[in-house]
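The values are calculated or read from the model by the stated rules, or taken from the named source; none is laboratory data. All values reported here derive from a predicted model rather than from experimental measurement. Heads up, the Cβs are rebuilt from the backbone with ideal geometry, glycines too, and the neighbour counts pull from every protein chain shown.
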Amino acid sequence: METMFERYGGFTIVSRIVSSFYDRVLDSPIMGPYFTEVDMKQQIDHQTKFIAFLMGGPASFSDEHLRTIHQPKNINQEALDEMISLLTETLEDFDFDDADVESIRKELLRRAPLILKQNT
């Protein structure tokens, strides 16, 4: 059975999606500040692999890896909601089916506890 990753064109399309997504992220007053001191080339490469993973592509990410890289960033619910909204808009602009957009959103929401700052 063909994966969503394969159906939409593999890394070629995912790279274009992520590039467009980060144009929106950097323009966002909510999300932009999280990336002021980030190596964007490295970030885009990382996010391309992550989105490919969510679409059934070859990359893989453990829960522990996601927790480790996101916890120091103190990401709050507003920022996570904005990120998901911007990604949803981007996927829709790339003519993703509604069911596929929802599948990616659900995968991100399932990982929200790993991404959001932990109250200790």
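Go through (1) surrounded by 14 or more Cβ atoms within 10 Å (Cβ to Cβ); (2) in contact with a helix residue (DSSP H, G or I) (Cβ under 9 Å, 6 or more places away or on another chain) for residue 16 and report which single condition fails.
The number of the failed condition is (2).
Out of 108, 86, report the one residue that is under 16 Å from residue 24 (Cβ atoms), at pLDDT 95 or above and part of a helix (DSSP H, G or I).
Criteria check complete, one pass: 86.
Out of segment 19-39, which residues are buried (at least 16 other Cβ atoms within 10 Å of the Cβ) and of a type in the set (D, E, K, R)?
Scanning segment 19-39 gives a single hit, 24.
For segment 55-76, what are the residues that are at pLDDT 90 or above and under 16 Å from residue 109 (Cα atoms)?
Correct list: 55 only.
Could you tell me which numbered condition residue 100 fails, if it satisfies all but one of (1) modelled with pLDDT of 95 or more; (2) in contact with a His (Cβ under 8 Å, 6 or more places away or on another chain)?
(2)
Of all residues in segment 8-39, which are touching a residue at least 40 places away in the same chain (Cβ under 8 Å), in a helix (DSSP H, G or I), over 15 Å from residue 83 (Cα atoms) and not aliphatic (A, V, I, L, M)?
Of everything in segment 8-39, those that are touching a residue at least 40 places away in the same chain (Cβ under 8 Å), in a helix (DSSP H, G or I), over 15 Å from residue 83 (Cα atoms) and not aliphatic (A, V, I, L, M) turn out to be 10, 11, 16.
Does segment 40-72 hold any residues that are surrounded by 13 or more Cβ atoms within 10 Å (Cβ to Cβ), in contact (Cβ under 8 Å) with a residue 24 or more places away in the chain, out of contact with any Ser or Thr (no Cβ under 8 Å at 6 or more places or on another chain) and not aliphatic (A, V, I, L, M), and which are they?
Passing the criteria: 47, 67, 70, 71.
Against the condition surrounded by fewer than 16 Cβ atoms within 10 Å (Cβ to Cβ) and under 24 Å from residue 102 (Cβ atoms), how does residue 2 come out, does it pass?
Here the answer is yes, as residue 2 does meet what is asked.
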